[in-house]
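Throughout, read-outs are computed from the coordinates displayed, never taken from laboratory work. If you're wondering where the values come from, they're calculated on a predicted model, not measured in any experiment. A quick note on method: Cβ atoms are made from the backbone with ideal geometry, for glycine too, and the neighbour counts reach across all protein chains shown.
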Amino acid sequence: MDEVFLEETGAYLFALLLISIVLFFYLRGKSRTSKKNVKKIEEAKNLGLFEPVSLHPFVNENICIGSGACIEACPEKDILAIVNGRATTVNASRCVGHGACFHACPVQAIALYIGTEKRGVDLPHVSQEFETNVPMLFIAGELGGMGLIKNAVEQETGKVIYLNKKLKRTTKPKFDVIVVGSVPPTSCNTKSAEYGPKI
């Protein structure tokens, strides 16, 4: 009986030691990553890249779970980093407004702001098809927080394709789509001509 007890105790102690070693190296790696990211933030501050110029992500640290999905999703890389188990901005001035971090966050801990946190403006929440919470109201470009011409053209094109699928033509309205301030106007017009909605 004593031998069985000693064997079981030894096995438990060995497992506990193994878990402790793995946990130690895991936490040490996290700590090193945090320290490295803090240095990146300090370097960005010294180079003037920390303060956002326009659109940038703001992470609510009370909600963030540190999954890193936002970091992986960002096509610009090195805009966000994990510090002390939470995402934080590193090079906010390099953000070009893809919004991929916002959509990738599993707990919606990221908001997109224009300007700094103190004078920022909340951006409207839009679906992947750029439809707002108002049904059939779509936005693109700077209003949606993605001010690049390339993004605006892609958004306009995607909206027309999505809208064509969503429209139920039971009546013949004068217009299916009303475009306000399109940039460049040909992107929306071209797709509309191809897919059918009247602009």
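A few remarks follow.
- Theoretical gain in end-to-end length, Ser31 to Tyr12 [0.36 nm per residue, Cα-Cα removed]: 4.0 nm
- In the range 1-92, trypsin sites (Lys or Arg not before Pro) in a DSSP loop with at most 16 other beta-carbon atoms within 10 Å: Lys77
- Net charge over other residues, Cβ less than 15 angstrom from the Cβ of Gly10 (K, R count +1; D, E count -1): -4
- Subtracting the Cα-Cα distance of Asn46 and Ser20 from 0.36 nm times their residue separation leaves 5.5 nm of extension gain.
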